[in-house]
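The values are calculated or read from the model by the stated rules, or taken from the named source; none is laboratory data. No experiment lies behind these values; they were computed from the predicted model shown. Positions of Cβ are backbone-derived with ideal geometry, glycine not excepted, and every protein chain shown enters the neighbour counts. For the accessible areas, the whole protein counts, side chains as well, though only heavy atoms, and no ligand, DNA or RNA atoms are used. Shrake-Rupley method; radii C 1.70, N 1.55, O 1.52, S 1.80 Å.
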Amino acid sequence: MRRKLRVAAYAICVRDGQLLLSRSPAPDGGPPEWVLPGGGMEHGEDPYDTVVREVAEETGYRIEVTGLLGVDSSHRVLPGRLQRPVDLHGVRLVYEGRVTGGELRYEIGGSTDMAAWHDLDAVPALNLVPMVGIGLRLWRERPADGRLEPGPGTAPLPGKMNTE
């Protein structure tokens, strides 16, 4: 069995009652999904630098990180190629960010194809990856230990990694 550790950093940016999200084309040709701006750390990169870089790449905005909201972790075994399973552990750091500059634009040639502000009340009706719910719960609840108790917004979809 192969083992993989994925570490990523995401930003919750709320301004005037709106949440900044990026849109990711579905890998299976289905409908696009809205994700938190952010993504995987590069080897040797600090998570703080990861979130600043990823938000700029996906949205065009420069952000100031104003706090660490928490950490989400998931562990599961997924079927791999040629019947070789993958033991996958995902660790996601969720930061709060404030836009300080730049202009909203779409990422070209990356993992997302669009970025937009959405009214917080309208977010639940969007086609979202589970990580958006987790990030919003961390933002709303602000747990002192940075960890959510199990409940809505923390359970992954069956067979799906909460990676974005």
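Among the candidates PRO27, PRO79, PRO85, which residue alone is without any contact (Cβ under 8 Å) to a residue 12 or more places away in the chain, of a type outside the set (A, V, I, L, M, F, W, C), over 23 Å from HIS118 (Cβ atoms) and open to solvent by 30 Å² or more (accessible area, probe 1.4 Å)? I'd like the intermediate steps shown before the answer.
On the way: PRO27 fails: over 23 Å from HIS118 (Cβ atoms); PRO85 fails: without any contact (Cβ under 8 Å) to a residue 12 or more places away in the chain.
Every option except PRO79 fails the conditions.
From the list VAL14, VAL71, VAL7, exactly one residue is of a type in the set (Val, Ile, Thr), open to solvent by 30 Å² or more (accessible area, probe 1.4 Å) and in contact with a Pro (Cβ under 9 Å, 6 or more places away or on another chain). Which is it?
None of the other options fit; the residue is VAL7.
May I ask you to list the residues in segment 118-132 that are within 10 Å of TRP34 (Cα to Cα) and either in contact with a strand residue (DSSP E or B) (Cβ under 7 Å, 6 or more places away or on another chain) or open to solvent by less than 20 Å² (accessible area, probe 1.4 Å) (or both)?
Correct list: VAL123, LEU126, ASN127, LEU128, VAL129, MET131, VAL132.
Which strands (runs of 3 or more DSSP E) sit wholly inside segment 1-119 and have at least 3 residues that are at pLDDT below 95 and within 26 Å of PRO150 (Cα to Cα)?
Those strands (runs of 3 or more DSSP E) span 2-12, 61-78, 86-102.
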Mind counting the residues in segment 113-140 that are touching a Lys or Arg at 6+ places or on another chain (Cβ under 8 Å) and not hydrophobic (A, V, I, L, M, F, W, C)? 2
I'd like to verify a number: residues in segment 42-56 that are of a type in the set (Ser, Thr, Tyr) and either over 13 Å from TYR95 (Cα atoms) or open to solvent by 50 Å² or more (accessible area, probe 1.4 Å) (or both), how many? 1
